[in-house]
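Since the structure comes first, as structure tokens, the remarks are kept for the end.
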Amino acid sequence: MIRISAPDTAEMGEIVEVKAMIQHPMETGYRRDAKGDVIPRNIIKQFRCAYGGNTVFEATFFPGIAANPFLAFCLRATRTGPIEFSWTDQHGETWSETRQLTVS
Amino acid sequence: MRAVAPMSLVALLGGCEPQHDARLASDVSIVGDAVPASLTGAPGDAERGRAIFVSREEGHCVLCHQVEGLDAEFQGNVGPALTGVGGRLSAGQIRYRIIDAQRIWPDTVMPAYYRTHGLRQVEHGYEGAPALSAGQIEDLVAFLEAQAS
Amino acid sequence: MKWALLIGALCLAGCNKPESTYARNSDVKAGDIKSGYAFLQDDTKALQDDDFANPGFLWVDRGKRLFETAETGASTCSTCHGAHGMPLKGVAAHYPKVDAKTGKLLNLEAAINLCREQHQGLEPLAYESDDLLGMTAYVASLSRGEPVSVDITGPAAKYYEEGRDYFFRRKGQFNLACSQCHNEHWGEKLRGDTISQGHGNAFPAYRLEWQDFGSLHRRLRDCDTGIRAEPQDYGSETYMAVELYLAKRAEGLAMESPGVRR
């Protein structure tokens with residue numbers, strides 16, 4: 001599951017807040033199960049937000065990031081176009097969602 | 001007449017002692033509100049007792065009890081503070097309170113750390129063994145006995 | 001002589017008292033009833049209060065999607081429970097309740113699964129699966145703010161008594177009853193945590209300890225293992241009875257699902 005909070009419309013030059021959350025266990029690789037065996041690491045490694053094709057926010061995650069990671073950041077509305085959110089985990093699996101921003 | 005009172009007292013106390021608490025992991029001699037003898041037959045190690053007192057995997061006594069000066073953050077207050085307890089209670093009294101406090105105060109939330117019998121719905125893996133071993137209890141007694149005011 | 005008799009009486013009173021299976025009678029005074037929310041740190045409260053940051057909404061969204069999506073050959077939940085009939089707003093606050101037909105106590109999860117089987121011809125969802133948690137979270141969220149209010153009369157009475165029995169029964173290696181911590185010692189501290197009164201009004205909830213979303217039964221299993229008692233199964237009648245007892249005990253508290261807890 002992915003949740004995005006982004007405005008549908010903005011005025012030219014307006015600073016808008018954008019939020020994104022993805023359901024993911026972010027298993028650190030340091031925990032042990034009831035039998036004492038290490039639970040293998042399973043984390044998202046990369047998050048990228050592209051607006052109108054340009055990267056406006058990028059983050060590299062490490063095991064210290066909690067499960068279901070939540071990001072909030074700002075971008076300046078400059079043109080009508082897609083805001084694309086994408087996550088990549090340690091196995092190379094990706095998830096993404098897009099929201100359209102209309103700038104007047 | 002003067003002798004009757006103390007003699008009755010001794011007789012009544014003697015008849016009243018639960019000398020053998022059938023609920024425990026081993027046979028233990030109880031005198032009044034104390035267990036005077038070491039469970040292992042030897043004195044415990046106070047430094048090991050301190051580690052057991054704070055360790056989440058062992059006694060974790062700090063969950064409920066505070067001891068001033070202990071290197072452990074956020075000590076609980078469900079139980080009475082044990083700062084200086086060595087000056088208030090004898091080693092035997094401390095020992096009994098760890099072994100089976102519920103025998104002394106039936107409504108207490110202090111678990112009976114040396115009890116194995118008569119418990120209900122014990123989690124698999126914990127049945128048959130006491131929450132703390134005789135050795136761990138002796139180490140705790142040594143540590144707490146050393147907490148003089 | 002009087003002294004000896006007095007001391008003797010006191011002594012006898014203290015020894016070989018028959019041990020009780022149950023903790024003594026206790027309760028939380030009506031004016032003192034507080035949601036677990038009151039025992040959270042400010043940051044945790046803020047997390048629950050923010051409808052975006054509250055991770056529980058990942059499951060609410062999932063549930064809403066399932067509620068409105070048709071599974072093969074079946075109608076959607078929203079077909080019957082839409083704006084035009086049997087809306088589910090406020091309903092969760094009155095669970096668990098007894099099913100009139102079978103006489104069995106149903107919590108929200110059981111009611112959802114019964115509905116799937118009887119009215120949609122679908123398989124029940126597995127307990128603690130993301131889908132059942134999602135459905136439960138969504139339906140419970142429709143009762144946010146609604147005061148908890150359950151019926152413990154008639155066929156529900158025996159389940160209420162069963163729940164009360166479990167709440168006051170001493171169990172586990174530590175030989176403790178729920179009532180002892182949650183009626184008699186709430187507000188006191190276990191290390192850095194403050195003991196709450198043990199209400200279920202915020203469940204299903206996101207627990208920081210789990211880094212995951214879970215049902216009240218999952219929390220009750222943690223309660224039991226916490227005192228080294230063997231936990232009951234998910235969906236067990238015992239835990240449903242406890243849910244009913246807890247709901248009556250929490251009467252008047254606002255539903256908070258999806259809650260955020262430690």
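Values for this structure:
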item	result
Sole exception among (1) in contact (Cβ under 8 Å) with a residue 60 or more places away in the chain; (2) within 14 Å of another protein chain (Cβ to nearest Cβ); (3) surrounded by fewer than 20 Cβ atoms within 10 Å (Cβ to Cβ) for B:H124, by number	(1)
Segments classed as strands (runs of 3 or more DSSP E), wholly inside the stretch A:1-72, with at least 1 members that are of a type in the set (S, T, Y)	A:2-5, A:44-51, A:54-60
Selected residue [in a loop (DSSP other than H, G, I, E, B) and either modelled with pLDDT of 90 or more or within 14 Å of chain A (Cβ to nearest Cβ) (or both)] from C:L88, C:L66, C:L58	C:L88
Within the stretch C:88-110, considering residues that are touching a strand residue (DSSP E or B) at 6+ places or on another chain (Cβ under 8 Å) and not acidic (D, E), the one nearest to C:G154 (Cα to Cα)	C:V98
Residue in the stretch B:98-114 that is farthest from B:G79 (Cα to Cα), counting only those that are of a type in the set (D, E, K, R) and within 9 Å of another protein chain (Cβ to nearest Cβ)	B:R103
Any chance C:E19 is modelled with pLDDT under 95, surrounded by 13 or more Cβ atoms within 10 Å (Cβ to Cβ) and of a type in the set (D, E)	no
Tabulated pairs, the stretch C:76-100, first on the phi > 0 side of the Ramachandran plot, second part of a loop (DSSP other than H, G, I, E, B), C-beta under 8 angstrom, 6+ apart or interchain	C:G90/C:L142; C:G90/C:S143; C:G90/C:E146
Of all residues making up the stretch C:120-131, the number that are under 19 Å from C:S75 (Cα atoms) and in contact (Cβ under 8 Å) with a residue 40 or more places away in the chain	4
Test: residue in the stretch B:134-145 that is crowded, with 17+ Cβ neighbours inside 10 Å and within 14 Å of another protein chain (Cβ to nearest Cβ)	no
Any pair with Cβ under 6 angstrom, 6 or more apart, that starts in the stretch C:212-240 at a residue that is closer than 14 Å to C:G198 by Cβ and ends at one that is outside any loop (DSSP other than H, G, I, E, B) and aliphatic (A, V, I, L, M)	C:I227/C:L176; C:Y239/C:L220
Complete set of residues in the stretch C:36-53 that are assigned to a loop (DSSP other than H, G, I, E, B) and crowded, with 20+ Cβ neighbours inside 10 Å	C:L40
C:D224, sole failed condition from (1) surrounded by fewer than 23 Cβ atoms within 10 Å (Cβ to Cβ); (2) closer than 19 Å to C:S26 by Cα	(2)
Complete set of residues in the stretch B:104-128 that are within 18 Å of C:G226 (Cβ to Cβ) and either assigned to a helix (DSSP H, G or I) or out of contact with any helix residue (DSSP H, G or I) (no Cβ under 7 Å at 6 or more places or on another chain) (or both)	B:P111, B:L119, B:R120, B:Q121, B:V122, B:H124, B:G125, B:Y126, B:E127
Residues satisfying the stated conditions in the stretch C:148-162, i.e. under 15 Å from C:E251 (Cα atoms) and either in a helix (DSSP H, G or I) or in contact (Cβ under 8 Å) with a residue 40 or more places away in the chain (or both)	C:V148, C:S149, C:V150, C:D151, C:I152, C:Y160
Check on A:I39, within 14 Å of chain C (Cβ to nearest Cβ), free of Cβ contacts under 8 Å to residues at least 60 places away in the same chain, among the β-branched types (V, I, T) and closer than 24 Å to C:F52 by Cβ	no
Some residue of the stretch B:75-96 being surrounded by fewer than 22 Cβ atoms within 10 Å (Cβ to Cβ), free of Cβ contacts under 8 Å to residues at least 12 places away in the same chain and charged (D, E, K, R)	no
Top-ranked residue in the stretch B:57-74 [being part of a loop (DSSP other than H, G, I, E, B) and at the interface with chain C (Cβ under 9 Å from one of its Cβ atoms); ranked as surrounded by the fewest Cβ atoms within 10 Å (Cβ to Cβ)]	B:E73
Test: residue in the stretch B:90-103 that is at pLDDT 95 or above, at negative phi and not in a helix (DSSP H, G or I)	yes
Residues located in the stretch A:2-43, provided they are at pLDDT below 95 and on the phi > 0 side of the Ramachandran plot	A:G36
Scope the stretch B:97-111; condition farther than 15 Å from B:F53 by Cβ and either surrounded by 19 or more Cβ atoms within 10 Å (Cβ to Cβ) or without any contact (Cβ under 8 Å) to a residue 40 or more places away in the chain (or both); matching residues	B:I99, B:D100, B:A101, B:Q102, B:R103, B:W105, B:P106, B:D107, B:T108, B:V109
Qualifying residue in the stretch B:23-40 (condition: at pLDDT below 95, over 16 Å from the mean Cα position of the chain (by Cα) and part of a loop (DSSP other than H, G, I, E, B))	no
B:H117 vs. criteria within 13 Å of chain C (Cβ to nearest Cβ), farther than 18 Å from B:A34 by Cβ, out of contact with any Ser or Thr (no Cβ under 8 Å at 6 or more places or on another chain) and in contact (Cβ under 8 Å) with a residue 60 or more places away in the chain	yes
Every residue from the stretch C:197-235 that is aliphatic (A, V, I, L, M), within 25 Å of C:A53 (Cα to Cα) and more than 14 Å from chain A (Cβ to nearest Cβ)	C:A202, C:L216
Among residues of the stretch C:173-197, those that are in a loop (DSSP other than H, G, I, E, B) and buried (at least 21 other Cβ atoms within 10 Å of the Cβ), counted	5
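The values are calculated or read from the model by the stated rules, or taken from the named source; none is laboratory data. These numbers were taken from a predicted model, which means no experiment stands behind them. Ideal geometry is used to build each Cβ from the backbone, glycine not excepted, and the neighbour counts take in all protein chains shown.
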